[in-house]
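Below: the structure, in structure tokens.
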Amino acid sequence: MNSFKLALTAAAVAGLCGSVQAQSLDDLKADKSTPGDVLTYGMGYDMQRYSELDQINADTVGGLVPVWAYSLNDDRGQESFPILHEGTMYVTTHNSTMALDALTGRQKWKTMVEYSAEVPRVACCGIVNRGVAILDGKIFRTTLDANVVAYDAATGEEVWRVKSIDYNDGYSMTVAPLIADGVLITGISGGEYGIRGYIEGYDPATGDRLWRTYTVPAPGEPGSETWPEGDAWTRGGGPAWLTGSFDPETNTVFWGTGNAGPWNAGVRPGDNLYTNTILALDPKTGDIKWHYQTTPNDPFDYDATNELILAEIDGQKVLMQANRNGFLYVLDRATGKPIAAHKFVDRVDWAESIDLETGRPVTTNTYDQIKTGEWTEYWPSAFGGKNWAPAAYHPGTGNMYINTFNVGMSHKAVEPQYRAGIFYFGVEWAWNWPEGHRGEFRAVNPMTGEVAWKVPTDIPRNAGVLATAGNLVFTGSLTGEFEAFNATTGEKVWQFQTGSGIVGQPMTWEHDGTQYITLVNGGGAVYGLFSGDERLAAIPPGGNVWTFALAGN
Amino acid sequence: MMLKRSLYGAILAGLAMVSSPALSQDLDKLVKDGKASYDQLCSKCHGKDLVNSGASSFDLREFPLDQKDRFYNSVENGFEAMPAWGDILLPGELDALWAYVATKGGTQPMPEDDASLDAPEAVPTLVAEGKLTACLARNGGALSGKRSDGGVGLDYLVLADIAEALELDLDVVWFESEQEEESDPVRESYAQLAYPLCDITASHPLYENTFGPPHTPTAALPRWLHMPTTFNLRSHVTLKPVAVTRPYMRSEIGMVVRPKIQDFSMEGLEDLHGLKLGLQQGTLSGMVAWVQAPRDVIKTARMFNPGPKYLWEIEQGKHDVDVAIVDVTAFDHHLRQNPISDLRLAEWRHALGMNIGFAILEENAALIAQVNAAVDDLVASGAVAQRATESRMHYAKPKEPLILGALTQDSIRDIR
């Protein structure tokens, strides 16, 4: 226990020193109100992806032009959220970390990540990385082979590196870390590989691990009563592969967990806590304050990992999530009690509704039948009603802007075969494609479920969304167009062909009175890999960092 | 606890590079297996049913079918965006994947193997011109034994058949296999081939780590008949990589029953309740029983020392066991030496077995290819089974998996 105490002390000291360093914990808290910097994944601890900047607006957006582009020299899908601090932008790929001059796009340093040739096989859905966290002159990232690394932000030199776990057993990391209350928090990936998921806290100064909270309890621990006897829990899934949000007021981190494993739910009767669950955690200890499970005993791969957006609506402090399972949840973030839960896509087969009293889904025959081993069709598919790509919440319109999927799936449960480091599904499966468009960009009121507008797309968009006070929402398509829409009407007001598919996350910032928008493009990742959509054959891979501003600025 | 000395006496030796697709499997089965592996390993990047835009992963429908070696190399070692899989592929899995990809999921005929991909059609290198020289144990029981007019035993007879198929004379170097715990038949085999004392050795298990690069740089030779009196056995031989051929038989695990047990029948180890079980340390059969037999059976079971005395002790009633788990070949040896034995072998066989082939230096690709073809023919025609009958052996044909992966107590637990 000595090392634990030491680590806490070190964290405290580091926190004090931070006040004389560039970016402190207070800077991170204030990120939303300092548009000159973008220090947190999702543009603020609340992850609204909303900016008050309005120089680029529905009237001026026609003049939006590229300022610079920087080649990532990489053909994998690019999902990195750019972090900006005092004119330096930090971007990642699966195998590199770069610092760029934000005004010119010139590289300041680039540090490669080495991993062995076996590693990419343990990433189910794209060889990606989602970006860095920053604190006290250091930046932090995770690696595909499940290491957590700190670099000197000025030089790119490695400060420390910690191996979280052995990738050979199917574990990997793609998550952008979160720094909350002085603790560096990461989550593990690998829900398709028979892992036992967890979220971890590290000391940013030293890399000492402060805590690890498993998302699947061991026998005897709270929640273990929702697992069958035997060893199902050891391969029970519950990855935590997307960054959580943080409420400094209550000192609570919110983090979603993914599917239970294997997909064949018949071999793990019970609710299977804390898979498919929204967790409220104490950042210092990892203790679970409350939990809310969205899909109990999940047979569909309906992860609850999607971003947890914090907002104040009608005086209530809420947490919102457009879940893979097709429901848009609004929870009281003090208690985890649902306030609203509406379907945000047209077809949701597995449940009629969510009972707001009990918090549990009112399930259908589909939910029961799929566990029997019969071929069962279900919509939305494992891509979800919404996939990983983060939505934005615009407090002005009160809408969430969501890239939705309109794809179904069928599967049949079979005996799962466990082999370390290899897919552990226990199902045979096939896609069910719709006749027409496979996705829609939607504006949805989270409290009422009302769809303000929707823009269909043949190939579903799977890029992040950015909303601004300029009454605009930005997103991108898998065919390469970076796009702006009128937030009120859904009218497309601008687009630019970036040269490769977009699965990245736009963000905005300002410098000397000019508003900039930055986006990482580079096609690939889950839809491109899994769908076999041959219409993408003419869209080359190859990522760039693009930065835009109004012409003349 | 890893498998150390799994089979009786002379059986161990070891290596394997098997290039042709697996044992008497027809193409449909191979493609079906390939699809199962593809779905699990490959589909996430190369698309379900091979359908893929080619934008972010190679479109395997376009893979040039005359570049099988490229396919194998890319899968095993990785190439650019492709991860390496060589360390976790199961025996035969790569052949199945190739069959699935090359036939486009079974919709196209299998392309003819490009002859240039196989071992070059060179003339085999032989220790003595016109002869296939084999090292065989002089005291190898049912597997090999020297006679004034040649030899007996399954290994001897099958090697004679192979030599005939290769239009060579069989010449045997008879060596003394040490039936001591310390001797390592696999290493002896490496030494005999590297010296070179002979072209081929027999009874080599197709087990991970029994072939390929040597585990030690040098090893000692066992004593052999007509060994020059000036030869210093302590001067070690520098070893070379060794390959195993296609298998000609399978070593299986069975249950020996003492006469006092009447009407014995069993379907699995769980049927042994109430019986006193004998098992032998350091053998595969012993480990299987230890891991899989019901706890109440293990509590009363008796453990016997390694070595050939095991079945004699059972025969003599030592510890008064009722049944004894054995490697079937060991029982054949026992019967050979004690034809009036009261012990009988139950019908039951355990699911875990190991294919047995011959060992040849890896560099002698031409000989490997010729022996492979001959072995496959002899197995398929039933000639090997016939030779086993002549040798009074219980014979089992080779089975998948071709090469047994590393065994641990954990992995054995699941093989039933």
Exercise for review: Any chance you could count how many residues in region B:85-94 are under 17 Å from B:Cys45 (Cβ atoms), at the interface with another protein chain (Cβ under 8 Å from one of its Cβ atoms), surrounded by fewer than 19 Cβ atoms within 10 Å (Cβ to Cβ) and not β-branched (Val, Ile, Thr)?
Suggested key: 0
**Study point:** Hits in region A:86-104 (condition: small (Gly, Ala, Ser) and open to solvent by 10 Å² or more (accessible area, probe 1.4 Å))
**Key:** A:Gly87
Study note, to complete from the structure: Subset of region A:539-553, residues within 14 Å of another protein chain (Cβ to nearest Cβ) and over 17 Å from A:Thr457 (Cα atoms), comes to A:Pro540, A:Pro541, A:Gly542, A:Gly543
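Scanning for something more than 14 Å from every other protein chain (Cβ to nearest Cβ) and either open to solvent by 10 Å² or more (accessible area, probe 1.4 Å) or within 23 Å of the chain's Cα centre (by Cα) (or both), does region A:116-128 turn up at least one residue?
Let us first name the residues in region A:116-128 that are more than 14 Å from every other protein chain (Cβ to nearest Cβ), namely none.
Among the residues of region A:116-128, not one is more than 14 Å from every other protein chain (Cβ to nearest Cβ) and either open to solvent by 10 Å² or more (accessible area, probe 1.4 Å) or within 23 Å of the chain's Cα centre (by Cα) (or both), which makes the answer no.
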Review point. Has region A:377-396 got any residue that is aromatic (Phe, Trp, Tyr) and in contact with a Leu (Cβ under 7 Å, 6 or more places away or on another chain)?
Key: yes
Exercise for review: Check off (1) in a helix (DSSP H, G or I); (2) more than 10 Å from chain A (Cβ to nearest Cβ); (3) modelled with pLDDT under 90 for B:Arg70 and give me the number that stays unchecked.
Suggested key: (3)
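Residue by residue, here is whether (1) part of a loop (DSSP other than H, G, I, E, B); (2) of a type outside the set (Asp, Glu); (3) surrounded by fewer than 24 Cβ atoms within 10 Å (Cβ to Cβ) holds:
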position: B:Leu197; (1), (2), (3): yes, yes, yes
position: B:Pro222; (1), (2), (3): yes, yes, yes
position: B:Asn232; (1), (2), (3): yes, yes, yes
position: B:Ser235; (1), (2), (3): yes, yes, yes
position: B:Met255; (1), (2), (3): no, yes, no
position: B:Lys260; (1), (2), (3): yes, yes, yes
position: B:Lys299; (1), (2), (3): no, yes, yes
position: B:Gly307; (1), (2), (3): yes, yes, yes
**Study point:** Odd one out for A:Asn432 among (1) within 14 Å of chain B (Cβ to nearest Cβ); (2) buried (at least 24 other Cβ atoms within 10 Å of the Cβ)
**Key:** (2)
Study note, to complete from the structure: Condition set in contact (Cβ under 8 Å) with a residue 40 or more places away in the chain and more than 15 Å from A:Thr294 (Cα to Cα), scope region A:350-379, selection surrounded by the most Cβ atoms within 10 Å (Cβ to Cβ): answer is A:Ile370
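If a residue must be more than 30 Å from B:Asp322 (Cα to Cα) and within 21 Å of the chain's Cα centre (by Cα), how many such residues does region B:225-268 contain? Spell out the reasoning first.
Within region B:225-268, the first condition is being more than 30 Å from B:Asp322 (Cα to Cα), and the residues that meet it are B:225-248.
Right, trim to within 21 Å of the chain's Cα centre (by Cα) and you get B:239-248.
Count: 10.
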Exercise for review: Scan region A:223-254 for residues that are open to solvent by 20 Å² or more (accessible area, probe 1.4 Å), under 25 Å from the mean Cα position of the chain (by Cα), under 20 Å from A:Ile278 (Cβ atoms) and of a type in the set (S, T, N, Q) and report the count.
Suggested key: 2
Practice item. Give the residues of region A:503-521 that are among the small types (Gly, Ala, Ser) and open to solvent by 10 Å² or more (accessible area, probe 1.4 Å), sorted by residue number. Key: A:Gly513
Check your understanding: What are the residue pairs meeting all of these: first residue in region B:254-275, first residue closer than 15 Å to B:Arg416 by Cα, second residue loosely packed, with under 10 Cβ neighbours inside 10 Å, Cβ atoms under 8 Å, and 6 or more apart or on different chains?
Key -> B:Asp271/B:Ser265
Review point. Can we say A:Thr92 is in a loop (DSSP other than H, G, I, E, B), among the hydroxyl-bearing types (Ser, Thr, Tyr), under 21 Å from A:Gly36 (Cα atoms) and more than 14 Å from every other protein chain (Cβ to nearest Cβ)?
Key: no
Review point. Quick one: which of B:Gly34, B:Gly78 is facing another protein chain (nearest Cβ under 8 Å), open to solvent by less than 30 Å² (accessible area, probe 1.4 Å) and under 32 Å from the mean Cα position of the chain (by Cα)?
Key: B:Gly78
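Would you be able to tell me the number of residues in region A:129-141 that are crowded, with 21+ Cβ neighbours inside 10 Å and among the small types (Gly, Ala, Ser)? Break it down stepwise before answering.
First pass over region A:129-141, keeping only residues crowded, with 21+ Cβ neighbours inside 10 Å: A:129-136, A:138-141.
Those left that are additionally among the small types (Gly, Ala, Ser): A:131, A:133.
Number satisfying all stated conditions: 2.
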Exercise for review: State the number of residues belonging to region B:108-148 that are open to solvent by less than 60 Å² (accessible area, probe 1.4 Å) and either modelled with pLDDT of 80 or more or among the polar types (S, T, N, Q) (or both).
Suggested key: 18
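Give me a count of the residues in region A:472-513 that are in a loop (DSSP other than H, G, I, E, B) and either within 14 Å of A:Thr457 (Cβ to Cβ) or within 18 Å of the chain's Cα centre (by Cα) (or both).
Taking region A:472-513 and keeping what is in a loop (DSSP other than H, G, I, E, B), we get A:477-480, A:487-491, A:498-506, A:512-513.
The next check asks that each one be either within 14 Å of A:Thr457 (Cβ to Cβ) or within 18 Å of the chain's Cα centre (by Cα) (or both); those that pass are A:477-480, A:490, A:501-506.
Adding up the residues that qualify gives 11.
Quick one: would you say A:Ile83 is away from every other protein chain (no Cβ under 14 Å), over 30 Å from A:Gly528 (Cα atoms), open to solvent by less than 10 Å² (accessible area, probe 1.4 Å) and of a type in the set (A, V, I, L, M)? It would help to see each step written out before you state the result.
Numbers: away from every other protein chain (no Cβ under 14 Å): yes; over 30 Å from A:Gly528 (Cα atoms): no; open to solvent by less than 10 Å² (accessible area, probe 1.4 Å): yes; of a type in the set (A, V, I, L, M): yes.
Considered against the rule, which asks whether it is away from every other protein chain (no Cβ under 14 Å), over 30 Å from A:Gly528 (Cα atoms), open to solvent by less than 10 Å² (accessible area, probe 1.4 Å) and of a type in the set (A, V, I, L, M), A:Ile83 comes out as no.
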Review point. Which condition does A:Asp59 not pass, out of (1) assigned to a loop (DSSP other than H, G, I, E, B); (2) closer than 30 Å to A:Arg212 by Cβ, if it passes all the others?
Key: (2)
Exercise for review: Return yes or no: is A:Asn445 at negative phi, buried (at least 23 other Cβ atoms within 10 Å of the Cβ) and away from chain B (no Cβ under 14 Å)?
Suggested key: no
Exercise for review: Answer yes if at least one residue in region A:471-484 is open to solvent by 20 Å² or more (accessible area, probe 1.4 Å), more than 23 Å from A:Leu84 (Cα to Cα), in contact with a Ser or Thr (Cβ under 8 Å, 6 or more places away or on another chain) and among the charged types (D, E, K, R), and no otherwise.
Suggested key: yes
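Go through region B:40-58 and give me each residue that's surrounded by fewer than 18 Cβ atoms within 10 Å (Cβ to Cβ) and at the interface with chain A (Cβ under 8 Å from one of its Cβ atoms). Working first, answer last.
Just the residues of region B:40-58 that are surrounded by fewer than 18 Cβ atoms within 10 Å (Cβ to Cβ), to begin with: B:40, B:48-49, B:51, B:54, B:58.
Matches in region B:40-58: B:Gln40, B:Lys48, B:Asp49, B:Val51, B:Gly54.
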Review point. Is it true that some residue in region A:194-207 is in contact with a Pro (Cβ under 6 Å, 6 or more places away or on another chain) and open to solvent by less than 10 Å² (accessible area, probe 1.4 Å)?
Key: yes
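On the given criteria, is A:His342 touching a Ser or Thr at 6+ places or on another chain (Cβ under 9 Å), away from chain B (no Cβ under 14 Å) and outside any loop (DSSP other than H, G, I, E, B)?
Details: touching a Ser or Thr at 6+ places or on another chain (Cβ under 9 Å): yes; away from chain B (no Cβ under 14 Å): yes; outside any loop (DSSP other than H, G, I, E, B): yes.
Yes, satisfied.
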Exercise for review: Collect the residues in region A:412-428 that are more than 25 Å from the chain's Cα centre (by Cα) and either more than 12 Å from A:Tyr378 (Cα to Cα) or within 12 Å of chain B (Cβ to nearest Cβ) (or both), keeping them in residue-number order.
Suggested key: A:Ala413, A:Val414, A:Glu415, A:Pro416, A:Gln417, A:Tyr418, A:Arg419, A:Ala420, A:Gly426, A:Val427, A:Glu428
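Right, A:Pro456: open to solvent by 20 Å² or more (accessible area, probe 1.4 Å) and either more than 11 Å from every other protein chain (Cβ to nearest Cβ) or closer than 28 Å to A:Thr104 by Cβ (or both) or not? It would help to see each step written out before you state the result.
Working: open to solvent by 20 Å² or more (accessible area, probe 1.4 Å): yes; either more than 11 Å from every other protein chain (Cβ to nearest Cβ) or closer than 28 Å to A:Thr104 by Cβ (or both): yes.
In short, yes.
Which one of these is open to solvent by 10 Å² or more (accessible area, probe 1.4 Å), at pLDDT 95 or above and touching a helix residue (DSSP H, G or I) at 6+ places or on another chain (Cβ under 6 Å): A:Asp152, A:Asp181, A:Asp145?
Details: A:Asp152 fails: touching a helix residue (DSSP H, G or I) at 6+ places or on another chain (Cβ under 6 Å); A:Asp181 fails: touching a helix residue (DSSP H, G or I) at 6+ places or on another chain (Cβ under 6 Å).
The unique qualifying residue is A:Asp145.
The values are calculated or read from the model by the stated rules, or taken from the named source; none is laboratory data. Because the structure is predicted, anything quoted here is derived from the model rather than measured. Methodologically, a virtual Cβ is constructed for each residue, glycine included, from the backbone with ideal geometry; neighbour enumeration extends over all protein chains shown. Side chains included, ligands, DNA and RNA excluded: accessible areas come from the protein's heavy atoms. Shrake-Rupley method; radii C 1.70, N 1.55, O 1.52, S 1.80 Å.
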